[in-house]
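The values are calculated or read from the model by the stated rules, or taken from the named source; none is laboratory data. Bear in mind the structure is a predicted one, so any value in this text is a computation, not a measurement. Quick reminder, even Gly has a Cβ in these numbers, built from the backbone with ideal geometry, and neighbours come from all protein chains shown.
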Amino acid sequence: MPQAAAAEIFVERAGPRMDSSTRIEGRSIGDWRADARTYLQLPDAPVFAAGHQAQAWHCGIIAKTLWTDARSRQENATPVHVVVDQDGFDGLFLEWPQLKDGFWVASGHRFSTAAKNVAALNAPTFHPREIEQVGHAPEFAREGLARLTSALRKFTKAPNAAIQVSQAQLQDLGHLIQPPRVIGASQLIGTSFAQHVIDRMLREPVACAESFNTALQLHPRAARPLRVDGERSELPLWLLGDSGERIRATAQNIRVARAQNKIMLPRAFLLGVLLRTALADGFTHGMGGKIYEEISNAWIGRWLGWNPPAFDTVSATMRLPLELPAQQKQDHPKFSFRSVWCDPDLHANANIGPSVNRKKFLENIAALPRRSPQRKIIFQAMLANRASRRAELASTLTLLQNDSRILQQAEHSKQLAMRRTWCACLYPRKALDNLHQQLAHAANANTHSP
């Protein structure tokens, strides 16, 4: 088995932590966080947190968890994993590589039923569907799939599928990290700080939405602008419909939901603010989360006039040790099957461009007036000549077609070998150990006082 290359890690430190006496919205940030720890039944100690959706985590995602664990050990803090349970649930779909006819191909499996339009906190736990055929997958990948399946079975009594999937993948990192406390993002809405921010939204729905839309101009593709329309102005929250589907919230229907004690969920932009301000002394995002937080910072700064605490950004690129078979390293032919199919005499050409035969036809056509009968006759003669030459060169075309198919398979195989988004459970344990060591070393090398 080829050795896995060292991971390429990305670490951007937040810098000094915000002082706990800093006042935000009329109270010290330390008091807001103490309230949140009590509400979420967390130890009365600093919190370092990261989180993600309940889907298959690649190494760039688990890098956040490994970094959070390293920082928690440094600061004697409580590590927390936040399950983004307001997102949809894909049934935990993952792919793995296997060799087929000498090429790497991707096989896939969905462990449960997808519910993409329903918040994951409403997706029920499940007994994982068995993988019927793993194929010729590397042994380390087979072992990882077996571990994940076993872990999913272990956590079938979790509150929902989102927590089950997250706990199963955290268990697979159990030889590297201390078990983090696991909470759902939906729980954050019950904290005193979240309720305070919602109160302000309801008092100032237009200002909230307008400030958000202005901030969104930093990254316009990150989300759709909020509607601005008095009490019907949209807010960065979700409500749930009768079937558990997410509904965009307005100031009007949030008031009704509150009165009826219905569930409200934070959208990503609000969630980041809640996590950084009212829960974690240190929060870690990946590259995608960083974009959302840039919008959130601009939104809160413009609307409420203060800046949320900074955050670390951590990611990693790591590839599976997949060796490319020899036939995948062959040279490309001078002309592709598609080119020779269109111009059969190209196979004998020494230079790039139309064959001598086709060039003569094209020159004769170009010399005649448009829509003239003679032009049409020569064009039809060119097509007849091409059909005749295809028949004469049938064996050559068949070889080129086979070469083209092999080259396409080889290119796809190379792309799979370079993929960075395989589920982390598929990697050899040694590779994950090395990633853990790299991140721990980076954390220790950049230790700073609060």
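Structure above, values below:
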{"read-out": "Residue match in region 49-68 (condition: buried (at least 24 other Cβ atoms within 10 Å of the Cβ), in contact with a Pro (Cβ under 6 Å, 6 or more places away or on another chain) and either farther than 27 Å from Asn122 by Cα or among the acidic types (Asp, Glu) (or both))", "value": "yes"}
{"read-out": "Residue in region 407-420 that is farther than 30 Å from Glu143 by Cβ, part of a helix (DSSP H, G or I) and at pLDDT below 90 present", "value": "yes"}
{"read-out": "Failed criterion for Trp96 (all others in (1) out of contact with any Cys (no Cβ under 8 Å at 6 or more places or on another chain); (2) assigned to a strand (DSSP E or B); (3) crowded, with 20+ Cβ neighbours inside 10 Å; (4) not hydroxyl-bearing (Ser, Thr, Tyr) hold)", "value": "(1)"}
{"read-out": "Residue within region 359-372 that is of a type in the set (Asp, Glu), assigned by TED's automatic domain parsing to the domain that holds Ile406 and part of a loop (DSSP other than H, G, I, E, B) present", "value": "no"}
{"read-out": "Considering residues of region 399-416 that are in contact (Cβ under 8 Å) with a residue 12 or more places away in the chain and under 22 Å from Leu320 (Cβ atoms) only, the residue surrounded by the most Cβ atoms within 10 Å (Cβ to Cβ)", "value": "Ser413"}
{"read-out": "Ala431 within 24 Å of the chain's Cα centre (by Cα), aliphatic (A, V, I, L, M), part of a helix (DSSP H, G or I) and under 30 Å from Thr149 (Cβ atoms)", "value": "yes"}
{"read-out": "Residues that are touching a helix residue (DSSP H, G or I) at 6+ places or on another chain (Cβ under 6 Å) and either closer than 17 Å to Gly301 by Cα or among the aliphatic types (A, V, I, L, M) (or both), drawn from region 187-206", "value": "Leu188, Phe193, Ala194, Met201, Leu202, Pro205"}
{"read-out": "Pair list, Cβ under 9 Å, 6 or more apart: region 168-196 residue at pLDDT 95 or above, other residue part of a strand (DSSP E or B) and of a type in the set (S, T, N, Q)", "value": "Pro180/Thr78; Arg181/Thr78"}
{"read-out": "Which numbered condition Leu275 fails, given (1) surrounded by 15 or more Cβ atoms within 10 Å (Cβ to Cβ); (2) at pLDDT 95 or above; (3) out of contact with any strand residue (DSSP E or B) (no Cβ under 7 Å at 6 or more places or on another chain); (4) in a helix (DSSP H, G or I)", "value": "(3)"}
{"read-out": "Every pair of residues 6+ apart whose Cβ atoms lie under 7 Å, when the first sits in region 51-69 and is more than 14 Å from Pro79 (Cβ to Cβ) and at pLDDT 95 or above while the second is among the charged types (D, E, K, R) and buried (at least 24 other Cβ atoms within 10 Å of the Cβ)", "value": "Ala54/Asp85"}
{"read-out": "Meets criteria (over 24 Å from the mean Cα position of the chain (by Cα) and either assigned by TED's automatic domain parsing to the domain that holds Thr284 or not in a helix (DSSP H, G or I) (or both)) for His441", "value": "yes"}
{"read-out": "Number of positions in region 323-343 that are assigned to a loop (DSSP other than H, G, I, E, B) and modelled with pLDDT of 65 or more", "value": "8"}
{"read-out": "Matching strands (runs of 3 or more DSSP E) fully within region 1-86 where at least 1 residues are under 22 Å from Ser186 (Cα atoms) and touching a helix residue (DSSP H, G or I) at 6+ places or on another chain (Cβ under 9 Å)", "value": "47-52, 78-83"}
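Conditions tested, residue by residue: (1) over 22 Å from the mean Cα position of the chain (by Cα); (2) farther than 14 Å from Ser112 by Cα; (3) in the same structural domain as Phe126 (by TED's automatic domain parsing).
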{"residue": "Pro138", "(1), (2), (3)": "yes, yes, yes"}
{"residue": "Ala146", "(1), (2), (3)": "yes, yes, yes"}
{"residue": "Arg153", "(1), (2), (3)": "yes, no, yes"}
{"residue": "Ala158", "(1), (2), (3)": "yes, yes, yes"}
{"residue": "Gln169", "(1), (2), (3)": "no, yes, yes"}
{"residue": "Asp172", "(1), (2), (3)": "no, yes, yes"}
{"residue": "Pro179", "(1), (2), (3)": "yes, yes, yes"}
{"residue": "Val182", "(1), (2), (3)": "no, yes, yes"}
